[in-house]
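Working notes for the structure below.
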Amino acid sequence: MPVGSLLPFSVAPLGSGSGAGGGPGASTPGGGVSGLHWLGPAGRKLSGFRLTEKFVLLLVFSGFITLCFGAIFFLPDSPKLLSGVLFQQQSPPASLQRFSTLQDEESGGRLARIREEHERALREAKDTLNRPLEDIQEDIQRDKDNILAQGRLTTGGRLPPPRPFKEPIGVQGGEPTDPEVKEKRDKIKEMMKFSWDNYKRYAWGLNELKPVLKQGHSSNLFGNIQGATIVDSLDTLFIMGMKDEFKEAKEWVDKNLGFSVNAEVSVFEVNIRFVGGLLSAYYLSGEEIFRRKAIELGEKLLPAFNTPTGIPWALLNIKSGIGRNWPWASGGSSILAEFGTLHLEFVHLTEVSGNPVFAEKVMNIRKVLNRLDKPQGLYPNYLNPSSGQWGQHHVSVGGLGDSFYEYLLKAWLMSDKTDEEAKKLYYDAVQAMETHLIRKSSNGLTYIAEWKGGLLEHKMGHLTCFAGGMFALGADGAPNDKTGHQIELAAEIAKTCHESYDRTAMKLGPEAFRFDGGVEAIATRQNEKYYILRPEVIETYMYMWRFTHDPKYRQWGWEAVEALEKFCRVEAGYSGVRDVYATHPSHDDVQQSFYLAETLKYLYLLFSDDELLPLEHWIFNTEAHPLPVNRKTERTIEGLAE
């Protein structure tokens, strides 16, 4: 472009000003001069000035032009500035504007490198914007997977701090000396292998097995997260000494377990099965992959706590971080058993990650509960996470409430009995249960009723049968010398739950049983007659055996094994049944992941010696995943509770 075309064709008269009366330079030497006229780059003339004046002006303009061209070609951002002025181009992205602040502090070589990097960044940005969104997302996921594979998972933007592995106590062994007991334990291990092998053959990598149709089964509880049976089974495989199976499960977790899913999950179920399973596998084996995956998943669940009170949502979209509650829950409430069953896992997430946020979240739940009045000292099953007020006054130690009470006790025990607040909350709750919920039938069976606005419903669920084991586990710390009383109460609950099994045709317990209308420990409604391989009765037998060594608990456990083999074992695994009072089973065709995590584990422990996972060193989460007692001289959790 000719130089002259860069300048205006005329310049205002030198004597002109910006307003009346002119301004600086209103008069010039050689009056009568009208101004300067520039007629073009070639063949043009300057008129109205003497030769010396023309020469001076040409020098001034030459210097000005030189300065402009120097800025254009030597300042790093000048080409962009000039092109924006002349061609009205849009400003570049904000991320690229940082180059405008660079100063010419070094040699021209550095400026050239900067310009080259700038241009390369522009080209890469344009290439990226022209690519399909799906390809970009795949690249991001691939990069993330590579990072995870190299063990560089971040925790809140930080690398997980190194954590030396402490050799666990009593994680294998417990071989019974009685050959008959050993034979029964070996049979239970065979049941585990049969369940696992068929899951591997027909549903590997999916959540659960349909053993009749011989295909995978997925529950919407886990969204698009897969592998529930694998993660739930890790610790059972380990303590049973099934090394090859544990190794293949670990390899699947390492290569395939991912949490970047655009779907809602149950915070409660994902926590107790996946987080609990991964933490337990880490504490048992010391394999770092389990620790990293547990921390990653824990971080994914944190947005569930983004409510006005900090009481978490029941459901969470893992990708968007948007939560909500079950639509059927009273007044949009969160469920007591769900938000109250996070404490053990989240405290251990803080333990293995060094990040206090996990423990802080669950300690805040306790603070919210402490501020609320409890009707008759009882905890209703519904709490609104926005208002912080109770919903419908329905109290149950079974479904909707059960594991909340379990975790109060176990929080105290897991703290090496230093969490005095958890201890008080638990024993106060037990006292309220005894006063308002625990009753005896006309024939002397002790049961735990449900409380609805002051009225009792004389029904007990299979889920409630865990309470026998809970009372036994907490008996030793009971106030006012009530240890013996608590053990007696535990034994009475165990007997009632055994009766619910013994009074069916299949010797398996119904989902719920009643104590009214002349019946005791029997399901009277069709929708309460099913059995889905639940563990709670076996769990109570195991605890009662550990604390009393009364042989009837092993006898009752073996009766359950025989019933499972006769009515629930099918060609490709184990299935629940729809009616335990029928003489021929109608299978529901689901081998639940908790069957391998809980039912078979508790049976195996029932027929093992006490040194296998000793209760003074291990606490089981509500999915039967063992977590170690925290024996530390300096505790951070105590400070969070204040």
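So here's what we get for this one:
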| item | result |
| --- | --- |
| Computed lengthening from Ser441 to Asp428, 0.36 nm per intervening residue step minus Cα-Cα distance | 2.2 nm |
| Under-5 Å amide H pairs with Ser441, H placed in peptide plane, nonlocal only | Thr446, Tyr447 |
| Lys255/Asn364 FRET efficiency (R0 30 Å; Cβ-Cβ; nearest 0.05) | 0.25 |
| Segment Glu571-Lys214, extension gain: residue separation times 0.36 nm, minus the distance between their alpha carbons | 127.6 nm |
| Alpha-carbon Debye profile of region 335-478, log10 I(q)/I(0) at 0.09 Å⁻¹ | -0.28 |
| Cα-Cα P(r), region 203-253, percent of pairs per 10 Å interval | 27, 47, 26, 0 |
| Viscosity 1.567 mPa s, temperature 4 °C, Stokes-Einstein D of region 395-484 from Kirkwood C-alpha radius, µm²/s | 95 µm²/s |
| Compactness index (Cα Rg / 2.2 N^0.38 Å), region 440-517 | 1.17 |
| Label-point gap, in nm, between Val357 and Asp610 - each point 7 angstrom along Cα→Cβ | 4.3 nm |
| Kirkwood-Stokes translational diffusion coefficient of region 471-604, alpha-carbon pairs, 25 °C, 0.890 mPa s, µm²/s | 157 µm²/s |
| Förster radius 41 Å - calculated FRET efficiency between Trp328 and Lys187 (Cβ-Cβ, nearest 0.05) | 0.50 |
| Solvent-accessible area per residue for region 328-465 (1.4 angstrom probe, square angstrom) | 32 Å² |
| Over 24 Å (Cα to Cα) - which of Lys189/Lys250; Lys410/Lys459; Lys495/Lys601 fall in this group | Lys410/Lys459 |
| Of all accessible heavy-atom area on region 486-616, the percent that carbon and sulfur account for (1.4 Å) | 48 percent |
| For region 362-441: rounded, prolate or oblate by the Cα gyration tensor [a/c cutoff 1.5] | oblate |
| Label-to-label distance, nm, for residues given as Gln392 and Lys374 (7 Å Cα→Cβ offset) | 2.2 nm |
| From the C-alpha gyration tensor of region 545-615, square roots of 5λ in Å | 27, 15, 9 |
| Region 246-327, Rg to Rh (Cα coordinates; Rh as Kirkwood inverse mean 1/r) | 1.02 |
| In order through region 187-194: 3J(HN,Hα) via Karplus (6.51 cos²θ - 1.76 cosθ + 1.60), integer Hz, x for Gly, Pro | 5, 5, 5, 5, 4, 5, 5, 5 |
| Computed label-point distance, nm, for sites Ser586 and Glu248 using a 7 Å Cα→Cβ extension | 3.5 nm |
| Probe 1.4 Å, all protein chains present, accessible-area order of Lys495, Lys255, Lys482, largest first | Lys255, Lys495, Lys482 |
| Residue-span extension gain [His549 to Glu562] - 0.36 nm each, minus C-alpha spacing | 2.6 nm |
| Average Cα contact separation per residue, region 303-424, under 8 Å, 6 or more apart, as relative contact order % | 26 percent |
| Highest-first arrangement of 349-361, 215-227, 289-301, where packing means the average Cβ count within 10 Å | 289-301, 349-361, 215-227 |
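The values are calculated or read from the model by the stated rules, or taken from the named source; none is laboratory data. Just so you know, these numbers come straight off a predicted model, no measurement behind them. Quick reminder, even Gly has a Cβ in these numbers, built from the backbone with ideal geometry, and neighbours come from all protein chains shown. To get the accessible areas, we keep the full protein, side chains included, count just its heavy atoms, and leave off ligands, DNA and RNA. Shrake-Rupley method; radii C 1.70, N 1.55, O 1.52, S 1.80 Å.
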